[in-house]
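Below is one structure, written out as structure tokens, with a few remarks after it.
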Amino acid sequence: MSEGDLAIRDVNLEHFSAHAEREPTKIVARLRGNADQLVRDELQRIISELHTEATRLGVREAVLDVRDLYFMNSSCLSVIVRWITGQMKCAIESYRIRFTCNANLRWQKRSLQAMATLGGALVVID
Amino acid sequence: MNADTLLLESSFVPDAKGISTTRRIVDDLSSHVLDDPDLGWRLAMAAHELLDNARKYGREGTVRFRLKIDATKEGYIAMLRVENRDHAENRANLLSVVREIQSAADPWALYLTALQRTASRDDGSGLGLARISAEGEMTLTVSVGDDENIRVEATLERGRTP
């Protein structure tokens, strides 16, 4: 695989989709729809591939754009938590995790506040 | 809210689609009735998490779901109840989790502890009830009915805006 290729497979389900793109210093994964129990395994895969690619390419940030994600249940939140805590345990300084939010979606304010508290300087909320 | 009480009850098998549909109904209905989208979201999130738990840990398929909003002199009391048959080992764990939440001086501190714990869990996230307490700012109770069904209730109270 060349450095320009991004090995993060899209998700296109009835009520959830995900697509990732590489930008100069970051990888942006856009999540849309409803993240519930039905998509937990797909979300886990996306996050795992995002981590692998962010590490391989040495980007500064991995961005989750959740502006069109209307809900996330606690099972899917736990996937994000494992990602954050896994990065916190890394001995080598790696990439930051950034969330791009939608202030009109109320779940994001409280749930992502919890992620930011958990992750400290590793996590940035826009 | 023009009426004194709003009551929504249903019995259904809580698959993922049914849970998300119920969450949206609770959000729309309670946001409208309480004229407060934030309260509507908190109730909707709690409905989703309680029904998810019933789906994961229930012994039989059907759950009874109830949303009740009562107008009071001071404001409103909104209560969600999910009732179902469960396994004995799950019941002991549920009682233990609810006791821990009820005795927590700071629900957010407990939620952060639950977030850290979930990183090392293989079975479920263990986050749902702590999320209801912290993000939803709701009170949790659990009881066993005469029919041996387990009932989990999440309640929030709001005073009237001056």
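Structure summary
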read-out: Area projected by the alpha carbon convex hull of the protein assembly as shown, averaged over all directions, nm²; value: 16.5
read-out: Principal axes of the stretch B:4-61: Cα extent on each, largest first, Å; value: 36, 20, 15
read-out: Under 30 Å from the Cα of A:Lys26 - lysines, other chains or at least 8 residues apart; value: A:Lys89, A:Lys109
read-out: Estimated 222 nm signal from helices in chain A, with DSSP H stretches of n ≥ 4 weighted -39500 (n - 2.57), rounded to 500; value: -12500 deg cm²/dmol
read-out: Residue-averaged 222 nm ellipticity for chain B, from DSSP H runs of 4+ at -39500 (n - 2.57), nearest 500; value: -15000 deg cm²/dmol
read-out: Distance histogram in 5 Å bins (all Cα pairs of chain A, percent per bin); value: 2, 11, 23, 26, 22, 12, 4, 1, 0
read-out: Spatially proximal aspartates and glutamates relative to B:Lys73 (Cα-Cα < 13 Å; intrachain offsets below 8 disregarded); value: B:Asp4, B:Glu157
read-out: GluC sites (Glu not before Pro) restricted to DSSP loop in the stretch B:1-109 with at most 11 other C-beta within 10 Å; value: B:Glu60, B:Glu74
read-out: Overall Cα dimensions of chain B - principal axes, largest extent first, Å; value: 45, 34, 30
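Throughout, read-outs are computed from the coordinates displayed, never taken from laboratory work. Since the model is a prediction, treat every value here as computed from it, not as a measurement. Here the Cβ is made from the backbone with ideal geometry for all residues, glycine too, and neighbour counts use every protein chain on show.
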